[in-house]
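One structure below.
What follows is calculated from the coordinates using simple rules that are stated; it is not laboratory data. Just so you know, these numbers come straight off a predicted model, no measurement behind them. Because the Cβ atoms are built from the backbone with ideal geometry, glycine has one as well, and the counts that use them run over all protein chains shown.
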Amino acid sequence: MDESKQFGVVEGGKTDECKPISVLLLDDREENLLIRSTILRQKGYHVVTSASIQEAESKLMDIDIAVLDYHLGAGTFGTDVANTLRAKRPEVPIIILSATLERKFGGIADMHLLKGYSSVEDLLQALRSFEAKRRGRPVVVDSRDFYYSRIIMAMGDDMVIEILDREGNWQYVNEYFAALSHQRRAWYQGRNIFEYFPEMRDEWGEIIRTVADTRETYIDRRNHRAMQHLPAESEHWQWNVLVFPIKLHDGRDGVVLSARLIERK
């Protein structure tokens with residue numbers, strides 16, 4: 001069944017009872033509040049704006065979803081409001097907006113969006129995902145795509161990137177990798193790399209486990225194809241492979257396998 005029908009949510013941030021979803025926006029910058037509130041109101045949401053922690057905390061009983069800026073200046077943080085909201089109304093979803101990838105608040109937020117990279121559509125998608133909670137029903141949102149895509153964004157679009165746990169189960173692949181392998185990105189999530197590329201198991205299984213366990217970095221400097229599932233090298237170019245550790249979205253140790261084409265001299 002379509003989730004929006006199951007919980008009575010219709011397009012435009014409203015329920016089938018025509019009651020708009022009430023969204024709290026907390027930001028110390030007036031221009032940010034104006035832009036976000038205008039967009040959300042156009043989409044049918046009821047918006048409650050706050051420029052301070054005190055103002056936000058006075059409105060917590062009247063909202064359905066909270067969108068909180070992380071750093072409010074002068075040593076104050078939106079997570080203070082998140083803590084209060086969690087204690088008073090734990091059923092209310094919380095979205096944290098941050099300018100960095102700092103994860104100090106990871107245990108508080110239902111979702112984290114990175115300002116400057118996360119688009120308005122990201123925010124709207126997150127809000128739609130959480131609307132069903134207004135009916136008191138639990139909503140499980142898999143935020144790993146937000147988490148990993150923001151991390152690898154700084155690495156560039158010209159790299160093949162895979163993120164795996166220490167056993168070789170794919171957690172995330174980027175568009176470049178998916179295009180080379182002629183599969184949709186979503187196909188890889190949860191599958192095991194060694195089941196599909198058994199020729200990699202002996203050597204790369206050890207490398208992946210070692211990097212995940214020791215937190216060391218592995219560089220493949222050999223002049224031949226490093227990962228069997230990448231297109232073969234030629235006399236004109238080769239793959240430069242780097243494997244480094246990462247904390248996965250669920251706190252486990254994992255690795256990033258990255259490869260970039262370099263021209264042969």
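Observations on the model:
- log₁₀ of I(q)/I(0) at q = 0.17, 0.19, 0.29, 0.33 Å⁻¹ - the range 176-215, Debye sum with one point per alpha carbon: -0.58, -0.69, -0.97, -1.00
- Too-long pairs where the Cα-Cα distance tops 20 Å, listed order kept, from Lys59/Lys88; Lys19/Lys88; Lys88/Lys247: Lys19/Lys88; Lys88/Lys247
- Projected label distance in nm at Arg191 and Tyr176, using a 7 Å step from Cα toward the beta-carbon: 2.1
- Cα-based shape type of the range 27-75, given that a ≥ b ≥ c are square roots of the gyration tensor eigenvalues and the cut on a/c is 1.5: oblate
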